[in-house]
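In what follows, a single structure is set out as structure tokens and then discussed.
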């Protein structure tokens, strides 16, 4: 029996149907991939917050924010990892891998562009109230909720820290978030709560369906949109819509 061959028109019809089906399925696949990355981001932040709390139990309730000194930066990430590149004491590493410090949607590699494995690029950011040096608990932190838990020493060897025992409502005390340094094109180890100047442009970024993954001092993680991020005691005014550094104000 002679086999029947497909005509050109029949082949074009089949290709058209496959193309239409692919176009219908692609958005669903992209949404599923985006949700998976958002879930992975939340799981990563939970592990980092757990490491923060373990560190605080060993160091008199202090959570290390980092050292943005003039000579070189020591980020909270390098401290939690007890990275061999720095002179550390005999304390254990509180994180076994640097992968959990990185948002799955952040395209900047960890330490991307860093000279000395400073762990300041491509990682989650810690909440920094101000870049102006103060030598005591920062008086600008609202004491009604947090009791002035933020501390920053002055000078070239300054240190940023957070005192757990001074946090009156840990569940409302923001510590960690998806961050963006526009010049780096990805995460930065800190972010500012106020609208930053061009010299200090670091802010939070809405990487996950216009929401930002945020972590709090009691260890819980939330996904918050721009309105939620701009309200509350630890409100963040400097927000980016994406890693292209499109500001939220410009986006709407």
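Listed by Cβ neighbour count within 10 Å, with the fewest neighbours leading, 207, 35, 230 appear as 35, 230, 207.
When 76, 59 are ordered from fewest to most other Cβ atoms inside 10 Å of their Cβ, what list results? Before the final figure, lay out the partial values.
Details: 76 30, 59 13.
With the fewest neighbours first, 76, 59 line up as 59, 76.
Note on residue 242 and residue 35: the model spin-label points, each 7 Å out from Cα along the C-beta direction, lie 2.2 nm apart. Label separation (residue 53 vs residue 12): 6.4 nm, computed from points 7 Å beyond Cα along the C-beta direction.
Values quoted throughout were computed directly from the atomic coordinates according to the rules given, and no laboratory measurement underlies them. Note that the structure is predicted; figures quoted are calculated from it, not measured. Every residue, glycine as well, gets a Cβ built from its backbone with ideal geometry; the counts of neighbours run over all protein chains shown.
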